[in-house]
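The values are calculated or read from the model by the stated rules, or taken from the named source; none is laboratory data. Bear in mind the structure is a predicted one, so any value in this text is a computation, not a measurement. Cβ: placed from backbone, ideal geometry, glycine included. Neighbour counts: every protein chain shown. Side chains are part of the model used for accessible areas, which takes the heavy atoms of the whole protein and leaves out ligands, DNA and RNA. Shrake-Rupley method; radii C 1.70, N 1.55, O 1.52, S 1.80 Å.
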Amino acid sequence: MSSAAPFYSDLAQARETGTAYWIHADDGVRLRVAHWTNDTAKGTVLLFPGRTEYIEKYGKDADELLSRGLATLVIDWRGQGLADRLIDNTDLGHVGQFTDYQRDVAAMVGHARAIGLPEPFYLLAHSMGGCIGLRALHNGLPVAAASFSAPMWGIKMSPVLRGVAWGVSTIGAHAGFGTSVSPGQSSKSLMTTTAFADNPLTNDPDMYAYMVGQVRARSELGLGGPTIRWLNEALREMRFLAHQKSPHVPCVTWLGTEESIVDPAAIRQRMAKWPNGRLEILDRCKHEVLMERPDVRQQIFDDLGQFFSTSPIAA
């Protein structure tokens with residue numbers, strides 16, 4: 001069952017007002033979802049956000065998709081946004097097992113069908129959402145096509161640091177420190193501590209101000225660094241997925257040349273062996289390609305509108 005949930009339309013800044021609900025995963029964790037649709041929508045994009053993110057961040061993107069005939073459904077994953085936070089220190093991103101996010105996916109799809117959002121469904125997944133989305137595709141996510149924005153199929157770090165991350169997170173997670181903040185991370189949101197000139201997310205000052213303004217206006221939406229447990233679970237999930245074949249689902253992936261958060265090599269390797277897959281490299285773009293310059297955003301959403309509308313199931 002679902003019930004009405006809060007939605008901050010003033011922060012989302014979408015032309016159409018989103019509608020938010022509380023839903024529950026099968027283990028009882030309360031999640032928040034919101035959708036944008038109208039009578040002319042010919043399908044629904046299941047939008048999987050990245051780590052630290054929340055529904056309102058994607059209001060402008062929902063506008064772009066709706067103008068191209070596509071409804072959008074976005075989720076607050078467990079442990080972030082207004083969904084249940086899983087540990088006492090609610091400033092840290094945490095998950096018990098990375099596969100728990102698949103419980104959230106199942107609840108999201110069930111809700112989409114329960115309220116009659118138009119099918120076919122399509123996947124648009126950013127960063128951590130790309131890791132969740134790849135596993136969901138292997139699990140049979142019912143989408144006609146998939147698109148990824150800087151997917152977290154690897155984390156960008158040096159070989160030495162990678163070894164340290166594996167060692168510290170594995171030992172820490174099994175020695176009672178799983179809910180402690182990962183080394184080198186902070187409990188404060190990047191949006192409240194990083195000036196535009198130093199940010200790793202976007203080259204567009206207006207979009208950065210949009211994201212910063214949301215977290216400053218509603219601090220409960222913000223999230224700091226991940227816990228040791230989250231880091232260890234993420235590393236294990238990415239290692240598992242790296243050994244799986246690419247799904248037989250039409251796919252396009254977007255990657256900026258100035259990516260500094262996820263591992264570009266892992267993305268290139270995955271897309272090189274994806275049947276019906278296409279990798280688009282975006283010049284002078286950082287991690288948040290969906291939040292980049294207006295010309296980049298138009299390029300992406302024009303491509304997505306065409307790509308989704310001509311996918312085999314939709315045709």
query: How far is it, in nm, from the label point at residue 272 to the one at residue 188 when both lie 7 Å from their Cα along the line to the Cβ?
result: 4.1
- line: If every Lys and Arg gets +1 and every Asp and Glu gets -1 at its Cβ, then about the Cα centre the chain yields a dipole, in debye to the nearest 20, of 780
- prompt: With the dipole of the chain worked out from charges on the C-beta (+1 for Lys and Arg, -1 for Asp and Glu) around the Cα centre, which of 243, 184, 102 lies farthest toward the positive end?
  reply: 243
- prompt: Between residue 45 and residues 5 or more places away or on another chain, which pairs have amide H atoms under 5 Å apart, with H built 1.01 Å from N, and which residues are they?
  reply: 71, 72, 73, 122
field: Separation of the residue 216 and residue 3 label points, Cα + 7 Å toward Cβ, nm
entry: 3.5
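Roughly what % of DSSP beta bridges within the chain run antiparallel, to the nearest 5? Could you put the intermediate results ahead of the total?
Values: 15 of 40 bridges.
Restricted to the chain, the bridges split so that about 40 percent are antiparallel.
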- line: Applied in sequence order to the stretch 246-257, the curve 6.51 cos²θ - 1.76 cosθ + 1.60 (Karplus, θ = phi - 60°) yields integer Hz couplings, x standing for Gly and Pro, of 6, x, 8, 10, x, 8, 10, 10, 10, 9, x, 6
statement: The distance between the Cα centres of the stretch 167-181 and the stretch 213-267, in whole Å, is 20
message: Rolling a 1.4 angstrom probe over the protein chains, ignoring ligands and nucleic acids, what is the accessible area of residue 24 in square angstrom, nearest 10?
response: 100
message: Past the 21 angstrom mark, what percentage of all C-alpha to C-alpha distances in the stretch 124-272 do you count?
response: 52
query: Alpha carbon centre of the stretch 3-55 versus the stretch 99-141: separation in Å?
result: 13
statement: Cα-only Rg/Rh for the stretch 1-140 with Kirkwood Rh rounds to 0.94
message: Show log10 I(q)/I(0) for the chain at q = 0.12, 0.14, 0.15 Å⁻¹, two decimals, from a solvent-free Debye sum over equal Cα scatterers.
response: -0.76, -1.08, -1.28
statement: For the stretch 162-227 the translational diffusion coefficient, Stokes-Einstein from a Kirkwood Rh over Cα pairs at 10 °C and viscosity 1.306 mPa s, in µm²/s, is roughly 116
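Magnitude of the Cβ-charge dipole of the stretch 250-309, K/R +1 and D/E -1, about the Cα centre, nearest 20 debye?
Around 220 debye, computed over the stretch 250-309.
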